[in-house]
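In what follows, a single structure is set out as structure tokens and then discussed.
The values are calculated or read from the model by the stated rules, or taken from the named source; none is laboratory data. Here the structure is a predicted model, which is why all the values come from computation and not from measurement. Glycine gets a Cβ as well: all are built from the backbone with ideal geometry, and neighbour counts include every protein chain shown. With ligands, DNA and RNA removed, areas are computed over all heavy atoms of the protein, side chains included. Shrake-Rupley method; radii C 1.70, N 1.55, O 1.52, S 1.80 Å.
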Number of protein chains: 2
Amino acid sequence: LKCQLRRKDGAVGVPARINIITLGVADLDRAAGFYEALGWERSAASNDDICWFKTAGTALGLFSRRALAEDANLPDQSSRGFGGITMAINVDSETAVDEAIGAAQRAGATVIKAPRKADWGGYSGYFADLDGHPWEIAHNPFFETGPEGLLRLP
Amino acid sequence: LKCQLRRKDGAVGVPARINIITLGVADLDRAAGFYEALGWERSAASNDDICWFKTAGTALGLFSRRALAEDANLPDQSSRGFGGITMAINVDSETAVDEAIGAAQRAGATVIKAPRKADWGGYSGYFADLDGHPWEIAHNPFFETGPEGLLRLP
């Protein structure tokens, strides 16, 4: 693999970690209430402009969509359709998928794909949060999980 | 906070973790080559349809954008503009921000915001990968980092 050769070269690269996912939202209070309703803990680092949620591993940020586009120096588009990115939460069983999708729905999410057997051999469903950001809840019997439920990729 | 009350109730929620970020891409080989050029390690779990990269914490997946939209049961839109989500990599110094942005640029990324002092007191820049997905490289002197460079939110 190319990357391994490059690593041996000791070249400067980009650290392989994703520290933060920030979702652009229309209404910060409303969006934060949704994630709290999932049972997620708002971090004390939150302020009037950004809400932080602690997760195992990557932190989740909620931020004004307009301000996020501006921060990234990108024009915001009117479309709120598929943005080319999904986020996934892996759970231990098919029942846990159903339960999590149900919990999200009760929190106000839109179920965009009811849980079902997936052609890759697992079981998954999708919900969209209040701003349309797509989350997959999946049971993947082929992926090992380690501490805190994080995946252990081979 | 609402979420803490709910947790005490023992209600079923959604696990607070982000296992996978999947980026929809136009050309899988080309996109994978870009992330390898950043120095990231392709996982042996990769196959002809999906490329997996190991990161500290959340796994990064690359997948056909069209297939990803289909998997999420969402219509894909022609626009490749801002999708309302950014990903951030935190590094230890301003110099490390400059170096990582430079490394990304050499790997073929477009620098969409040259590194600069941020109004929140840190230092950051943005690049877009080959499919336009926005990554921020940031030095945030106010956030503690723990093992593997992951953030420790209060």
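The residue of the stretch A:80-103 that is nearest to the other protein chains (Cβ to nearest Cβ), among those that are under 19 Å from B:Val25 (Cβ atoms) and part of a loop (DSSP other than H, G, I, E, B), is A:Gly83. Restricting attention to the stretch B:124-146 and to residues that are among the charged types (D, E, K, R) and under 15 Å from the mean Cα position of the chain (by Cα), the residue that is surrounded by the most Cβ atoms within 10 Å (Cβ to Cβ) turns out to be B:Glu136.
Listed by first and then second residue, the pairs with beta-carbon distance under 7 Å, at least 6 apart or on different chains, first residue in the stretch B:42-55 and over 15 Å from A:Asn140 (Cβ atoms) and modelled with pLDDT of 85 or more, second assigned to a loop (DSSP other than H, G, I, E, B) and of a type in the set (S, T, N, Q), are B:Phe53/B:Ser43. Cβ-Cβ distances below 8 Å connect the following pairs, each with a first residue in the stretch B:61-77 that is touching a residue at least 60 places away in the same chain (Cβ under 8 Å), a second residue that is part of a strand (DSSP E or B), and a separation of six or more residues or different chains: B:Arg65/B:Gly24; B:Arg65/B:Val25. Listed conditions (1) more than 8 Å from every other protein chain (Cβ to nearest Cβ); (2) assigned to a loop (DSSP other than H, G, I, E, B) are all met by A:Asn73, apart from (1). For first residues located in the stretch B:111-124 and over 9 Å from B:Asn140 (Cα atoms), partners that are of a type in the set (Val, Ile, Thr) and open to solvent by less than 50 Å² (accessible area, probe 1.4 Å) and lie 6+ apart or on another chain with Cβ distances below 8 Å form the pairs B:Val111/B:Ile101; B:Ala114/B:Ile101; B:Pro115/B:Val97; B:Pro115/B:Ile101; B:Pro115/B:Ile137.
Residues in the stretch B:76-106 that are open to solvent by 20 Å² or more (accessible area, probe 1.4 Å) and in contact with a helix residue (DSSP H, G or I) (Cβ under 7 Å, 6 or more places away or on another chain): B:Asp76 alone.
Among the residues of the stretch A:42-70, the ones that are out of contact with any Asp or Glu (no Cβ under 6 Å at 6 or more places or on another chain) and part of a loop (DSSP other than H, G, I, E, B) come to 10 in all.
Would you please name the residue that is nearest to the other protein chains (Cβ to nearest Cβ), looking only at residues in the stretch B:23-66 that are open to solvent by 10 Å² or more (accessible area, probe 1.4 Å) and polar (S, T, N, Q)?
Among residues in the stretch B:23-66 that are open to solvent by 10 Å² or more (accessible area, probe 1.4 Å) and polar (S, T, N, Q), the one nearest to the other protein chains (Cβ to nearest Cβ) is B:Thr55.
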